[in-house]
1. Across the range 51-69, what is the number of residues that are β-branched (V, I, T) and within 13 Å of the chain's Cα centre (by Cα)?
2. Could you grab the pairs with beta carbons closer than 7 Å, sequence gap of 6+ or different chains, first residue in the range 73-101 and among the small types (G, A, S), second one part of a loop (DSSP other than H, G, I, E, B)?
3. Can you say whether G57 is at positive phi and touching a Phe, Trp or Tyr at 6+ places or on another chain (Cβ under 8 Å), as far as the supplied structure shows?
4. Give the residue that is surrounded by the most Cβ atoms within 10 Å (Cβ to Cβ), with candidates limited to residues of the range 70-85 that are under 14 Å from L40 (Cα atoms) and within 14 Å of the chain's Cα centre (by Cα).
Amino acid sequence: MKKTMIFLMVLLGVTVMASGIWAAEVSQGKCLQYDEEKKLITIQEYDLNFSQDQPYGQPTDAKSVYNAARAEIGAPPKQGDILRIAYEVKGTERVAVKVMNVTKQDLMKK
């Protein structure tokens, strides 16, 4: 009984700690600019209204800048590409954790 209680407490502790490991937010939109020197990505954000005509969502008026200096980047982003960016907010800055080039992924499927 005592071993079972200890096991359950350890399991609960691991679960609680693991839930806080990945707390990033995600944005998706069209790449407006990628400054390779400064490692800054600017996107026009898309909403979540997916359709056959707009499979990535509808463009919004929101433009966001992400610091991608330490981000894991798949295919390099180019102007016009659709990007999905996992990021964390640190102060007033959006710090990219991972940048996925959805356009390049879709082309590789064909």
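1. 1
2. Final answer for the pair search is A86/A24; A96/A68; A96/A71.
3. So G57 passes the test.
4. Ranking the qualifying residues of the range 70-85, first place goes to L83.
Only the coordinates and a few stated rules stand behind these numbers; no lab work does. None of the values given here were measured: they were computed from a predicted structure. We place every Cβ from the backbone using ideal geometry, glycine too, and count neighbours over all the protein chains shown.
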